[in-house]
């Protein structure tokens, strides 16, 4: 029996840590929107950080959050004001920036960083409480009725939900714009800024970016979350003519 104990111990050492958990506390660190809210309530008054841009933050945020822009020049100065020994809860719009920010914070010695994986897009899709921002009354964006009119066409309709800060969206933008001209005889291209159309994204359950939808005869024939290469995307479009 003694000969078996060492391999079993080694296996436990190698595989005992679960992905998405803090090694020191064995606590889950990647939370859904509902779990994130429950964790806020559990902790009482946690260090809550919104790493979106100031304009996004003004458009609506979680109560008691502080805005430290991940892409801003003062990110390190901002997190330096936080207590590294206490839990820090981090979120963005769809989870990409908060993941990068959390990684950097752990690198800098923060002991317990908790991320909301789906970001404000999932939070809003669940209709969880939000502090209304300064931009909320300015524009509601495209209504659902207007959206339905846009996709009602005798041509194929490609809809691209994007954001200015979204890296994959930026990479895809040049060839999506190219399709607007090269495929114009059979295709309508519609690009929708998710930041400016939060209500529409919530109604259509757009919870991550980029999100793409393809409609034929007013019916969705394809949808996708995440980066798609030019060759693959063109093939999907032309395959539905």
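The values are calculated or read from the model by the stated rules, or taken from the named source; none is laboratory data. It should be emphasised that the depicted structure is a prediction, and the values quoted were computed from it without experimental measurement. Cβ atoms come from the backbone with ideal geometry, glycine included; neighbour counts cover every protein chain shown.
If you take the residues of the stretch 179-201 that are part of a helix (DSSP H, G or I) and without any contact (Cβ under 8 Å) to a residue 40 or more places away in the chain, which of them is surrounded by the fewest Cβ atoms within 10 Å (Cβ to Cβ)? I'd like the intermediate steps shown before the answer.
The initial filter retains those residues of the stretch 179-201 that are part of a helix (DSSP H, G or I), namely 179-182, 198-201.
So of that shortlist, the ones also without any contact (Cβ under 8 Å) to a residue 40 or more places away in the chain come out as 180-182.
Values: 180: 15, 181: 8, 182: 11.
Looking at residues that are part of a helix (DSSP H, G or I) and without any contact (Cβ under 8 Å) to a residue 40 or more places away in the chain, I get 181.
Mind checking which strands (runs of 3 or more DSSP E) fall wholly inside the stretch 75-177 and carry at least 3 residues that are outside the structural domain of residue 50 (by TED's automatic domain parsing)?
Because the criterion is at least 3 residues that are outside the structural domain of residue 50 (by TED's automatic domain parsing), the strands (runs of 3 or more DSSP E) in the stretch 75-177 that meet it are 156-162.
Here are some conditions: (1) surrounded by 15 or more Cβ atoms within 10 Å (Cβ to Cβ); (2) without any contact (Cβ under 8 Å) to a residue 40 or more places away in the chain; (3) part of a helix (DSSP H, G or I). Residue 69 meets all but one. Which one does it not meet?
(3)
Within the stretch 182-194, take every residue that is more than 19 Å from residue 154 (Cα to Cα) and out of contact with any helix residue (DSSP H, G or I) (no Cβ under 6 Å at 6 or more places or on another chain) and give me the one that is modelled with the highest pLDDT.
If we take residues in the stretch 182-194 being more than 19 Å from residue 154 (Cα to Cα) and out of contact with any helix residue (DSSP H, G or I) (no Cβ under 6 Å at 6 or more places or on another chain), then 192 is modelled with the highest pLDDT.
Please go through the stretch 195-218 and pick out each residue that is in contact with a helix residue (DSSP H, G or I) (Cβ under 9 Å, 6 or more places away or on another chain) and closer than 16 Å to residue 236 by Cβ.
210, 211, 212, 213, 214, 215
State all residues of the stretch 31-63 that are in contact with a helix residue (DSSP H, G or I) (Cβ under 8 Å, 6 or more places away or on another chain) and not in a helix (DSSP H, G or I); if no residue qualifies, say none.
31, 32, 46, 48, 49, 50, 51, 52, 59, 60, 61, 62, listed by residue number.
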